[in-house]
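Every number here is computed from the coordinates shown, using simple stated rules; none is lab data. The model shown is predicted, which means the values in this text are computed figures rather than measured ones. Using ideal geometry, Cβ is built from the backbone for each residue, glycine included, and neighbour counts are taken over all protein chains shown.
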Amino acid sequence: MRAIGLLSAVLLVPGFRDASCYVPDPAESRVWIEGRTTVSRFTCRATRVEGVGEVVPEGTVQAWLAVPVRAFDCGRPAMNRDLQEALQADRFPAIRFVLGEVAVLEAPTADSARLEVAGALTIAGTMRTVRFVAGGRLLASGRARLVGSLPLQLTDFNVKPPTALLGLIRVHDQITVHFDLVVHPVAWRPCAVAAADSLNDP
C-alpha cells in the first residue's frame with residue numbers, strides 16, 4: 001500500500017527534499033481535538049501518532065498519517081469511553097488522512113512555508129475530502145515541523161455526537177482537530193513498505 005499523506009506537506013518546505021524517509025517524533029508530535037458540550041469545553045489529546053513520509057526518486061512525495069482512536073485521552077474515563085463508542089473504535093481503530101494535493105502558498109524564508117493541503121480524511125469508516133492551511137518549518141538535525149488545525153462537523157462523517165445523563169449533556173457537532181508534528185529522517189529501506197506494514201498494525 002502506497003499512500004500520499006499529511007506528512008508530505010512538511011517535505012515541501014524548500015531545502016527539505018534531500019532525505020527520503022521521515023516519521024513523527026513520538027516525544028514531540030501532538031494531535032488533539034477541541035470541542036464543546038452543552039455545559040463546558042473539552043480537549044482530547046492523542047498519546048500516539050503514526051505516519052511516514054517518503055521522497056521517491058522522481059522527486060514526488062508519498063506519506064500517510066494515522067491516529068489510533070484509543071490513543072485519545074479526554075481526561076475522564078467516561079468521556080474516553082463515549083468517544084471510542086461514537087467513533088466505533090472496535091471497527092475503525094484509527095483516524096487517517098490521505099493527501100490529494102498540496103501547494104506552497106508562500107515561503108517567507110528559506111526554511112519555512114505556508115501550505116494549502118487537500119485530501120481524504122477518514123473517521124469511523126467514512127471518508128470526506130477536506131482542505132486546510134498548515135505551516136511547515138525546518139528544524140535542527142534534519143527535522144521539520146508541521147502545524148495547523150481543521151474544523152469538522154461530526155455528522156459529516158456519520159458520527160452521532162456523544163451524549164450523557166440521558167441526553168442532558170450533549171457534545172456539539174463541530175470540533176476542531178489540531179496537529180503539531182515534528183518529523184525526523186530514518187534509514188528505512190524501502191520506506192513505503194515500512195509505512196504499509198505500520199498502517200496495518202492493530
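The gain in end-to-end length when the His178 to Glu116 segment is fully stretched comes to 20.8 nm, 0.36 nm per residue minus the alpha carbon separation. With each label modelled as a point 7 angstrom along the Cα→C-beta vector, the Ala78-Ile169 pair spans 0.5 nm.
Subtracting the Cα-Cα distance of Thr43 and Val186 from their residue separation scaled by 0.36 nm leaves 48.3 nm. The loop-placed trypsin sites (Lys or Arg not before Pro) in the range 88-164, going by DSSP, that have at most 11 neighbouring Cβ atoms within 10 Å of their Cβ come out as Arg91. In order along the range 92-99, the Karplus-derived 3J(HN,Hα) couplings, from 6.51 cos²θ - 1.76 cosθ + 1.60 at θ = phi - 60°, round to 10, x, 9, 8, 10, 10, 10, 6 Hz, and Gly and Pro are given as x. Working from label points 7 Å from Cα in the Cα-to-Cβ sense, the Gln153 to Leu105 distance is 2.2 nm.
As a calculated quantity, the FRET efficiency between Arg128 and Asp90 at R0 = 22 Å, using C-beta atoms, amounts to about 0.55.
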